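Presented below is the structure to which this report refers.
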């Protein structure tokens with residue numbers, strides 16, 4: 001399987017997952033989720049195929065349904081925005097690729113730094129806790 005094909009399949013799965021999660025997060029008190037959801041893609045050919053929707057191409061014909069579904073959602077630019085991110089800045093690589101030790105340590109340091117900022121931000125955690133507490137205690 002080519003890397004473009006696997007990226008298209010993953011982008012489609014991510015799109016389906018985001019469309020499922022957005023109403024849930026919105027119900028938890030974050031209505032801006034449907035306006036600010038950004039999906040990053042580091043494979044330019046995959047992004048081009050998804051955004052331009054060339055379902056007539058011979059090499060992608062077997063993926064027509066995935067390309068059409070994902071392409072339609074991304075073309076509207078209403079709920080999910082597809083943005084290119086260079087591989088150098090793609091933090092997800094730590095979870096998806098075998099990395100050299102230096103690169104692994106760089107990405108790990110970035111992730112741990114961001115995590116400590118979230119943990120230190122008590123107002124954000126308090127808001128999330130309050131919303132979840134109210135949601136769980138409310139009658140259905």
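The values are calculated or read from the model by the stated rules, or taken from the named source; none is laboratory data. These figures come from a predicted structure and were not determined experimentally. Here the Cβ is made from the backbone with ideal geometry for all residues, glycine too, and neighbour counts use every protein chain on show.
Taken as a whole, the condition of being at pLDDT 85 or above, under 17 Å from the mean Cα position of the chain (by Cα), surrounded by 10 or more Cβ atoms within 10 Å (Cβ to Cβ) and not in a helix (DSSP H, G or I) does not apply to residue 91.
Any chance segment 26-34 includes a residue that's loosely packed, with under 13 Cβ neighbours inside 10 Å and at pLDDT 85 or above? Looking through segment 26-34, at least one residue is loosely packed, with under 13 Cβ neighbours inside 10 Å and at pLDDT 85 or above.
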